[in-house]
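*Asks:* Here it is: the structure, laid out below.
The values are calculated or read from the model by the stated rules, or taken from the named source; none is laboratory data. All figures in this text were calculated on a predicted structure; none of them were measured in a lab. Here the Cβ positions follow ideal geometry from the backbone for every residue, glycine too, while neighbour counts run over all protein chains shown.
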Amino acid sequence: MPAQTFIHIVLLPVKTDASPQLVAAVVEELNALAQHIPFVISSRCGQTVTQRGKQYTHGLVVELESAGQLQAYADHPVHQAVLTKISQIVSEPPLAIDF
């Protein structure tokens, strides 16, 4: 049986007055994480198409090779750079779950 990967999910409450260009840039950068961080298997970010997420307008799913890489992912310069941009577009801290 193959080893299970580790999943990092983030819900982003993007401000209604956030710059559409900056939001698009953040989404693009989050979708490209696997191209810049070797142990990221995949990443997918997008805007919700329903109102079920309440204030959370965007979601991110990152697949890592293992749980032990979560801290290295959090500390990685590419992740840190996009976090700076995320802080400019959210109305409150994002919600994250990891398993």
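*Asks:* Does segment 56-63 include one or more residues that are modelled with pLDDT under 95 and of a type in the set (A, V, I, L, M)?
*Replies:* Scanning segment 56-63 turns up no residue that is modelled with pLDDT under 95 and of a type in the set (A, V, I, L, M).
*Asks:* Are there helices (runs of 4 or more DSSP H) fully within the chain with at least 2 residues that are of a type outside the set (Asp, Glu), loosely packed, with under 14 Cβ neighbours inside 10 Å and without any contact (Cβ under 8 Å) to a residue 40 or more places away in the chain? List them.
*Replies:* Ranges flagged: 20-31, 70-75, 77-89.
Residue-by-condition table, conditions (1) of a type in the set (A, V, I, L, M); (2) in contact with a Leu (Cβ under 8 Å, 6 or more places away or on another chain):
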| site | (1), (2) |
| --- | --- |
| Glu28 | no, no |
| Thr50 | no, no |
| Gly53 | no, yes |
| Ser66 | no, no |
| Ala72 | yes, no |
| Ser91 | no, no |
| Leu95 | yes, yes |
